[in-house]
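The values are calculated or read from the model by the stated rules, or taken from the named source; none is laboratory data. What you see is a predicted model, and the numbers here were worked out from it, not measured in a lab. Cβ placement follows ideal geometry from the backbone for every residue including glycine, while neighbour counts extend to all protein chains displayed.
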């Protein structure tokens, strides 16, 4: 084995998994793909972090399950982390690496090919390679190295694999089960209605139970559904490994963190609705202006890049609907645009030519705002005229067989769900996005961000066309993702992460969540601890008395920090006899950390004394009195506010105590909720 041990200040003993021959080979393969040395080192560090928290493959059956999560960014190279982790697991005597991936053929093939090309020193089996159980067992038993299996999350394929494993008497081998896009198909879609587990979830449960020694590693960029499982749930990760993008990554910061929005082009949301032919009795046969601008921008951008890089091909993406009828309608519109543009370019003396040239010039000038040194417009028009004849317009949906391959200089892809998760579109320059459900799921929308990726070399000519409403949704989701990742950096093994969800969005699909375990803090609402602990806390009461002795009883609220507010809450324990779901200091801390990340460290405190509350309250009911002065107005609503009420001793000889109430700020851009799952054991 390739392990050593060392002593540290925080640990008496810690195992470190080092690079062996399989890890070295994968890193070599990735380096040939021009991944820089710093990124390769980071990949190895993340693989070590994963293996450190996995089961020991040679130490026998572990005392408790090993369930983790690799939480990356969309299109940031999570597959590379999987490849290095799998190789390192092989170097450290895991006998089987089982990779569960998409049932969609193009996505499955993409994953299988990537694993096959990276793990060149291992036997990598595809979805048809375990039909013969005898041959499978021979591979399993005779090979001195690890067997890698890439299986689609399909009921038939997974069931067949499980049968083969049983026939091969493989129960005793050690396995690293890597579940790619684990939040999508793996969770039980019957959770909300309490029925029997859904078929994919049942198969994964059986695979996890079959291997006595295994680590189950979920991988996704959208873990909302995982973190909202009950803290004791089998699919709630017990540890999280955050991956960071390498050099050249273009993501939410560039598209939605830039106040100037240089990469965004806004279109009217009505034109997006016009493209949904399935919703109209007589759909328009005229291409909307925003889509036409997007296509012209793409032709200019791709031609400019082609002049500078003659061997490259480029992609355009149109994603506005899940409906196949809509897709076909859009393909027809783009085919018509191609035909008319080619016809116009053949006759420079025509009036339509002058109009087209003016439209091209406008988009050319727009691109010049972010891309210096573009080729002359005349040269670009010549390239468009030449290459547009061979442009491919591909329909990519459940009914099509088109592949996502750049087989021409101008490759235009139109589709729905097949383009929404996991698929990588190389050299994607321009996207036109318009998916607009009434109540969108945050995780689904974020997975639609196919424009993210390693695109720094082309960022100057990259554009995203979409309506303002959808741009705001993406921006809110980007902020949410940043806040969640910041919380997890602080609490990588926590079970109390909260998710900021801006209305009218919801965090994830509701069928995979247990409604009885969900709770939320809502913008503008107040919560309290139901009843404070009133015995044995005199020293805490005295400390708060001393802290605020300079504050007069009827002053308005004063500004402080979120950190200070939480330190006071720690001195105000609740009475456990009264229970409650919302007043949990771990969850409150995670919520306040999220707010601090999003709106800053500001908070307010309001002090009131000489109160005589002696009965418990509902957690959302509040203890603010209805005096002539509206106490709720004593502090602004733009930051969290702690209302502290000093309660007098009671006739039952209960001690004087400070009773806190916490008010969450109003949403700057509308309402929000901080959603989380409840750990009943801690409440």
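Taken together, the residues in region 576-616 that are under 37 Å from the mean Cα position of the chain (by Cα) and assigned to a loop (DSSP other than H, G, I, E, B) amount to 8. Only one of (1) within 22 Å of residue 48 (Cα to Cα); (2) touching a residue at least 40 places away in the same chain (Cβ under 8 Å); (3) surrounded by 20 or more Cβ atoms within 10 Å (Cβ to Cβ) is not met by residue 115, so which one is it? The number of the failed condition is (2). The residues on offer are 335, 363, and the sole one that is outside any strand (DSSP E or B) and over 19 Å from residue 274 (Cβ atoms) is 363. Of the residues making up region 397-418, those that are under 20 Å from residue 292 (Cβ atoms) and either without any contact (Cβ under 8 Å) to a residue 24 or more places away in the chain or not in a loop (DSSP other than H, G, I, E, B) (or both) are 410, 411, 412, 413, 414, 415. Looking at residue 588, is it free of Cβ contacts under 8 Å to residues at least 60 places away in the same chain and touching a strand residue (DSSP E or B) at 6+ places or on another chain (Cβ under 8 Å)? No; evaluated as a whole, the condition is false for this residue.
Listed here are the residues, each with its yes/no results for (1) surrounded by fewer than 18 Cβ atoms within 10 Å (Cβ to Cβ); (2) not assigned by TED's automatic domain parsing to the domain that holds residue 668.
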residue	(1), (2)
500	no, yes
516	yes, no
543	yes, no
568	no, no
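So for region 546-561 (the condition being touching a helix residue (DSSP H, G or I) at 6+ places or on another chain (Cβ under 7 Å) and either over 30 Å from residue 474 (Cα atoms) or surrounded by 14 or more Cβ atoms within 10 Å (Cβ to Cβ) (or both)), does at least one residue qualify? No, every residue in region 546-561 fails to be touching a helix residue (DSSP H, G or I) at 6+ places or on another chain (Cβ under 7 Å) and either over 30 Å from residue 474 (Cα atoms) or surrounded by 14 or more Cβ atoms within 10 Å (Cβ to Cβ) (or both).
Of all residues in region 371-396 being assigned to a loop (DSSP other than H, G, I, E, B) and more than 37 Å from the chain's Cα centre (by Cα), which is surrounded by the most Cβ atoms within 10 Å (Cβ to Cβ)?
Of all residues in region 371-396, those assigned to a loop (DSSP other than H, G, I, E, B) come to 371-376, 391.
With the extra rule that they be more than 37 Å from the chain's Cα centre (by Cα), the set shrinks to 375-376.
Working: 375: 17, 376: 11.
Step by step, filter region 371-396, then rank; the result is 375.
Residue-wise test of (1) in contact (Cβ under 8 Å) with a residue 24 or more places away in the chain; (2) assigned by TED's automatic domain parsing to the domain that holds residue 52; (3) buried (at least 19 other Cβ atoms within 10 Å of the Cβ).
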position: 163; (1), (2), (3): yes, yes, no
position: 174; (1), (2), (3): yes, yes, yes
position: 177; (1), (2), (3): yes, yes, yes
position: 192; (1), (2), (3): yes, yes, no
position: 195; (1), (2), (3): no, yes, no
position: 206; (1), (2), (3): yes, yes, no
position: 227; (1), (2), (3): yes, yes, yes
position: 235; (1), (2), (3): yes, yes, yes
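How many of the residues in region 237-295 are in contact with a helix residue (DSSP H, G or I) (Cβ under 9 Å, 6 or more places away or on another chain), assigned to a loop (DSSP other than H, G, I, E, B) and farther than 30 Å from residue 677 by Cβ? Final tally of qualifying residues: 17. Filtering region 140-184 to residues that are part of a loop (DSSP other than H, G, I, E, B), out of contact with any strand residue (DSSP E or B) (no Cβ under 9 Å at 6 or more places or on another chain) and within 20 Å of residue 128 (Cβ to Cβ) leaves 154, 168. A count restricted to region 477-492 and to residues that are crowded, with 23+ Cβ neighbours inside 10 Å and within 21 Å of residue 267 (Cβ to Cβ) stands at 1. For residue 92, the criteria (1) touching a strand residue (DSSP E or B) at 6+ places or on another chain (Cβ under 7 Å); (2) surrounded by 18 or more Cβ atoms within 10 Å (Cβ to Cβ); (3) closer than 19 Å to residue 152 by Cβ hold in every case but one, which is (3).
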